[in-house]
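Notes to accompany the following structure.
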Amino acid sequence: MQTNRQPPTSSTDPRFTPLWTPEQIANRVADIARKIDHDYASNPPVLVGALKGSFIFLADLVRQMKLPAEIEFMRLSSYNAGTESSGHVRVAWGPSVEAIKDRPVIVVEDIVDTGLTTSTALGHLRRKRPASLRVCTLLDRPERRTTKLTVDYVGFTFSGRFVVGYGLDLDQRYRGLPGIYGLEDDREN
Ligand code: 5GP
């Protein structure tokens, strides 16, 4: 039986290559948590998770942090279906002004690819006047960037393949996989 905690079809499916194990991910998340604890020791941040992909990363990150961070979410959409971006990013909803005004804010992303989603999120949040605004992402694929963007905390930098697992989906599937898998690349990079 295939469960949520097994690789997509079977462990021998050649389309899915294991990229990072749950242990490797946990170690990087702990590193990032330590850095954020250090950087925000005097003023704990508000972590704004970009849904849906960041939900597992954010949950693990906040549990590794010692600081009492506050949690908010925002909902953006950039991918229509499959592995190709629609090129349009929309903010469906985000935190209230009261939640982030004059507070240090960190946007928590699953992956920064072209950077359009993160740039849109930053623009939306900036209008609500946070004291500071930074970006934390589990995965960074800088070669695909089409927007100028500073990413402050990064789990893993990589190139190429579309990835699934640990919150990341393909057509809403595979988010529950504890590791991260690369799909065979069937697109131009
Ligand atoms: P960007 O706007 O930076 O191009 O894309 C960011 C969003 O696209 C991510 O939050 C994620 O939802 C989706 N995305 C980009 N690359 C991948 C990928 O390799 N795998 C998955 N599952 N989603 C991706």
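Numerical summary
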read-out	value
Residue list for region 18-51, filter: buried (at least 16 other Cβ atoms within 10 Å of the Cβ), over 25 Å from Ser77 (Cα atoms) and of a type in the set (Gly, Ala, Ser)	Ala33
Of all residues in region 114-129 being part of a loop (DSSP other than H, G, I, E, B) and touching a Pro at 6+ places or on another chain (Cβ under 9 Å), the one that is farthest from the ligand (Cβ to nearest atom)	Lys128
Matching option when the condition is among the hydrophobic types (A, V, I, L, M, F, W, C) and either away from the ligand (no atom under 13 Å from the Cβ) or assigned to a strand (DSSP E or B) (or both), among Val164, Val151	Val164
Verdict on Leu76 being without any contact (Cβ under 8 Å) to a residue 60 or more places away in the chain, of a type in the set (A, V, I, L, M), more than 10 Å from the ligand (Cβ to nearest atom) and surrounded by 17 or more Cβ atoms within 10 Å (Cβ to Cβ)	no
Filtered residue count, region 130-148, keeping only those that are within 12 Å of the ligand (Cβ to nearest atom), crowded, with 19+ Cβ neighbours inside 10 Å and not aliphatic (A, V, I, L, M)	3
Unmet criterion (only one of (1) touching a Pro at 6+ places or on another chain (Cβ under 8 Å); (2) closer than 15 Å to Ser77 by Cα; (3) among the acidic types (Asp, Glu)) for Asp102	(2)
Those residues of region 167-189 which are of a type in the set (A, V, I, L, M, F, W, C) and more than 10 Å from the ligand (Cβ to nearest atom), in sequence order	Leu177
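Readers should treat all values here as calculations from the given coordinates under stated rules, not as data from a laboratory. Values in this document were obtained by computation on a predicted structure and should not be read as measured data. All Cβ positions, glycine included, derive from the backbone under ideal geometry; neighbour counts span all protein chains shown.
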